[in-house]
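The values are calculated or read from the model by the stated rules, or taken from the named source; none is laboratory data. Bear in mind that the values here come from a model prediction, so they are computed numbers and not experimental data. Ideal geometry is used to build each Cβ from the backbone, glycine not excepted, and the neighbour counts take in all protein chains shown. These accessible areas exclude ligands, DNA and RNA; they are computed on the full protein's heavy atoms, side chains included. Shrake-Rupley method; radii C 1.70, N 1.55, O 1.52, S 1.80 Å.
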Amino acid sequence: MEQTMKGYLFRLLNHEELSREEMKTILIGITQSEYPNEQITALLTCLQMRGVTVDELLGFRDGILETGVPAILDCDRYIDVVGTGGDRKNTFNISTTACFVIAGAGYKVAKHGNYAATSVSGASNVIAHHGIKFTDDIDRLNRSLNEAGIVYLHAQLFAKAMKFVGPIRKALPFPTIFNLLGPIVNPSRPKCQLLGVANLDQMRLYHAVYQKLGIDYGIVNSIDGYDEISLTGDFKVTTGFGSSAVGGSPADTFGYERIFSPRDLGFDIAKPEELVGGATEEEAAQIFDSVLENRALPAQKNIVLANAGFGIQVLEKGQKSIEECIEIARESIDSGNALKTFKKFVELNS
């Protein structure tokens, strides 16, 4: 097997691409300790220097899902809202808050997340701060989805492959293909996703990935570098909806690509300092609570409404205008349903 990895490395040095199946085989081999760390390091470095292809990324995704713990949910249509991370903006938990707003509006959500890597508080930090106990027990997960409309999937309980490359990733001074995998390895394999990316190169990559996966999706990027809709300036949205999400081919997918300004959606431009998640987990959790309790700064509420609105539009397969979807999100907060949903979630998962 070691000789096979040498062959893969020789091909990469020769500027060749690896197939989806080859990458899946490599990932499974890593979990079976078939390659020395030096060769894995060389592989990750080669891929990073050349740039990861869609099939290479999908191959590692396939391997992670096959070697991990599945989360089979009793629901056919639900969404995950997630960012790639790494924008180093230390924003409050916008995606996680948006998930509870979407669930409060009556939609189903399976939020996949982890502890923070580059900010004070990641999704798992703010969830754990409220006394939630993470689980991979499928009955408990389905009860949460059925009764609260939302389930939380803590990445470390499901993606078993990640522990095999943890020390290598920590030792390298640059991001690797594994930094791109987080958004696409939700163990429940949702058919809908809203993804925030930090740059337009990532937007193009994930657009092609989602086309191949055949799911309904929206990808958002704030032009000033936030991996979510920040309302600090213009932002770009790329979407794909269509029959591919229910078994058609990627060619059947339709959607749109558009640049919005906050004012296009009736929002004021936000100041960067209004998005900051604070210096501690406690401060980040307080902002999260304040949005759901409808007492946040107007900019904080608006940012959550914008992200939740585009998530709802994905769930609606583009059949509702973004203005309608934002109003659905607004009603979720204003009516108290978002907060009610969160309280039920806490009750079921503590």
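Residue by residue through region 311-349, note down the ones that are over 17 Å from residue 106 (Cβ atoms) and in contact with a strand residue (DSSP E or B) (Cβ under 6 Å, 6 or more places away or on another chain).
First pass over region 311-349, keeping only residues over 17 Å from residue 106 (Cβ atoms): 318, 321-323, 346-349.
Matches in region 311-349: 318 only.
Are any of the residues in region 94-105 closer than 30 Å to residue 225 by Cα, of a type outside the set (A, V, I, L, M) and in contact with an Asp or Glu (Cβ under 7 Å, 6 or more places away or on another chain)? Write out each step before concluding.
Here is the first cut: in region 94-105, the residues closer than 30 Å to residue 225 by Cα are 94-105.
Okay, now just the ones that are also of a type outside the set (A, V, I, L, M), so 95-97, 99-100, 104.
Narrowing further to those that are in contact with an Asp or Glu (Cβ under 7 Å, 6 or more places away or on another chain): 95.
Yes, there is a match, as at least one residue in region 94-105 is closer than 30 Å to residue 225 by Cα, of a type outside the set (A, V, I, L, M) and in contact with an Asp or Glu (Cβ under 7 Å, 6 or more places away or on another chain).
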Legend entry - Check on residue 98, of a type in the set (A, V, I, L, M), within 13 Å of the chain's Cα centre (by Cα) and either part of a loop (DSSP other than H, G, I, E, B) or modelled with pLDDT of 95 or more (or both): yes
Legend entry - Positions within region 66-94 being open to solvent by 20 Å² or more (accessible area, probe 1.4 Å) and assigned to a helix (DSSP H, G or I), in sequence order: 66, 67
Inset, instruction - Considering each of 107, 115 in turn, give the residue that is within 18 Å of the chain's Cα centre (by Cα), modelled with pLDDT of 95 or more and not in a helix (DSSP H, G or I). - result: 107
Legend entry - Segments classed as helices (runs of 4 or more DSSP H), wholly inside region 132-202, with at least 2 members that are open to solvent by less than 10 Å² (accessible area, probe 1.4 Å): 138-148, 177-181
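I'd like to know if region 46-61 contains one or more residues that are assigned to a loop (DSSP other than H, G, I, E, B), exposed (fewer than 14 other Cβ atoms within 10 Å of the Cβ) and modelled with pLDDT under 95.
Step one: list which residues in region 46-61 are assigned to a loop (DSSP other than H, G, I, E, B), which gives 51-53.
Those left that are additionally exposed (fewer than 14 other Cβ atoms within 10 Å of the Cβ): 51.
Now narrow it down to the ones that are modelled with pLDDT under 95: 51.
Yes, the conditions are met somewhere in region 46-61.
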Inset, instruction - From the list 181, 153, 145, 141, pick out the single residue that is in contact with a Pro (Cβ under 8 Å, 6 or more places away or on another chain) and at pLDDT 90 or above. - result: 153
Legend entry - In region 95-130, the residues that are under 22 Å from residue 203 (Cα atoms), surrounded by fewer than 24 Cβ atoms within 10 Å (Cβ to Cβ) and of a type in the set (A, V, I, L, M): 116, 117
Inset, instruction - For residue 15, work out the one condition from (1) modelled with pLDDT of 95 or more; (2) open to solvent by 20 Å² or more (accessible area, probe 1.4 Å) it doesn't fulfil. - result: (1)
Legend entry - region 1-12: number of residues that are open to solvent by 40 Å² or more (accessible area, probe 1.4 Å) and of a type in the set (A, V, I, L, M): 1
Inset, instruction - Confirm whether residue 9 is within 25 Å of the chain's Cα centre (by Cα) and aliphatic (A, V, I, L, M). - result: no
